[in-house]
Amino acid sequence: MRTDCLAWMGELQTHRWSNDSDTIQLVKPWSQGKLSRQQQENLQHLFWVYRSAFTRDIQEFVKMLPEDYPVELQLSAGCEVDPGNTSKSFIHVAFQGVHILSFQGTSWVPVPDAPSWMKLVIRILNGDQGTREMVQWLLNDTCPQVVSGLLEAGKSELEKQVKPQAWLSRGPSPGPGHLQLLCHVSGFYPKPVWVMWMRDEQEQLGTQRSDIMPNADETWYVQATLDVATGEEAGLTCRVKHSSLGGQDIILHWADGRRTSLGLTVLAVLACLVFLFVLLGLTFWIRRRHYQDIL
């Protein structure tokens with residue numbers, strides 16, 4: 001059995017705790033937030049104790065299930081802190097990828113369509129008053145304090161704005177007499193973005209947007225695809241809206257995309273020709289020096 005933990009502030013990972021380690025790793029320079037070293041060590045010890053107990057409890061929990069290993073439990077916990085110092089906390093638990101229970105107020109509550117065997121689990125969990133009180137303290141006191149400190153310590157990075165780069169290309173043909181147009185958008189932060197193929201001011205409902213995927217530098221990438229009949233691509237544009245653009249949307253015309261592709265092709269050909277001339281010149285110079293040495 002293994003337990004792996006990750007902590008995030010919005011879209012940025014701040015902590016990592018591997019099953020093979022007894023120490024929570026600070027991912028960012030500001031991941032300690034405003035906690036003192038002693039507070040950090042106390043929380044580390046508390047989490048270590050509960051992780052050890054959690055491992056034992058899960059082994060007992062599996063004995064109550066109608067199925068055997070392997071099983072996967074996922075726990076999502078956190079809090080949202082508002083500018084007025086009010087907070088909203090949550091804990092959700094999933095079994096085999098399906099949400100089964102949450103912590104609400106002072107007790108554990110199953111979801112409406114939870115399996116029947118959850119009744120016994122809920123009764124055992126709610127019978128442990130000490131753990132329930134500790135969960136309340138972590139959610140209502142500790143979590144808002146930690147999050148507020150992280151918001152202050154990591155403010156410059158959490159509030160950064162990075163403008164997207166966008167370009168057009170042609171994808172594989174979806175069929176005879178049709179084209180696939182691709183609009184790529186990359187390098188933007190934060191994650192929310194709007195990308196759409198347009199004709200004049202009309203959104204093209206056939207636009208298919210990929211999932212927003214992370215880049216290695218903690219920015220994001222997405223692409224929008226549109227299949228059209230050959231000849232109908234004229235007049236199409238790709239529009240990109242993002243908070244970093246200050247209301248100045250990126251608008252790429254498909255004709256520009258074709259010229260860009262053609263320009264890149266011409267540039268590549270010219271580069272090859274220059275390289276060829278340099279190579280021929282160098283060969284001529286070496287041979288000339290060789291003949292002069294012989295004479």
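Right, Glu218: within 31 Å of the chain's Cα centre (by Cα) and at pLDDT below 95 or not? Answer is yes for this residue.
When we screen Thr14, Thr3 for residues that are at pLDDT below 90 and under 24 Å from the mean Cα position of the chain (by Cα), the only hit is Thr3.
If we keep just the residues of the stretch 153-210 that are within 30 Å of Ser31 (Cα to Cα) and aliphatic (A, V, I, L, M), which is surrounded by the most Cβ atoms within 10 Å (Cβ to Cβ)? Looking at the filtered set, the residue picked out is Val185.
When the strands (runs of 3 or more DSSP E) confined to the stretch 60-151 are screened for residues that are free of Cβ contacts under 8 Å to residues at least 60 places away in the same chain and either surrounded by fewer than 12 Cβ atoms within 10 Å (Cβ to Cβ) or not assigned by TED's automatic domain parsing to the domain that holds Tyr50 (or both), those reaching at least 1 such residues are found at 73-81, 87-95, 98-104. Only a single item in (1) among the hydroxyl-bearing types (Ser, Thr, Tyr); (2) without any contact (Cβ under 8 Å) to a residue 60 or more places away in the chain; (3) in a strand (DSSP E or B) is not met by Ser169, and it is number (2).
Every residue in the stretch 190-205 that is in a strand (DSSP E or B) and either closer than 16 Å to Tyr221 by Cβ or not assigned by TED's automatic domain parsing to the domain that holds Gly246 (or both), please. Of everything in the stretch 190-205, those that are in a strand (DSSP E or B) and either closer than 16 Å to Tyr221 by Cβ or not assigned by TED's automatic domain parsing to the domain that holds Gly246 (or both) turn out to be Trp194, Val195. Collect the residues in the stretch 51-97 that are closer than 19 Å to Arg132 by Cβ and among the small types (Gly, Ala, Ser), keeping them in residue-number order. The answer is Ser52, Ala53, Ser76, Ala77, Gly78, Ser87, Ser89. Pull out all pairs, ordered by first then second residue, where Cβ-Cβ is under 6 Å, the residues are six or more apart or on different chains, the first lies in the stretch 226-240 and is among the basic types (Lys, Arg), and the second is assigned to a loop (DSSP other than H, G, I, E, B) and modelled with pLDDT under 95. The qualifying pairs do not exist here.
The values are calculated or read from the model by the stated rules, or taken from the named source; none is laboratory data. Nothing here was measured: the structure is a model prediction, and the numbers come from that model. Note: ideal-geometry Cβ built from the backbone for every residue, glycine included; neighbour counts use all protein chains shown.
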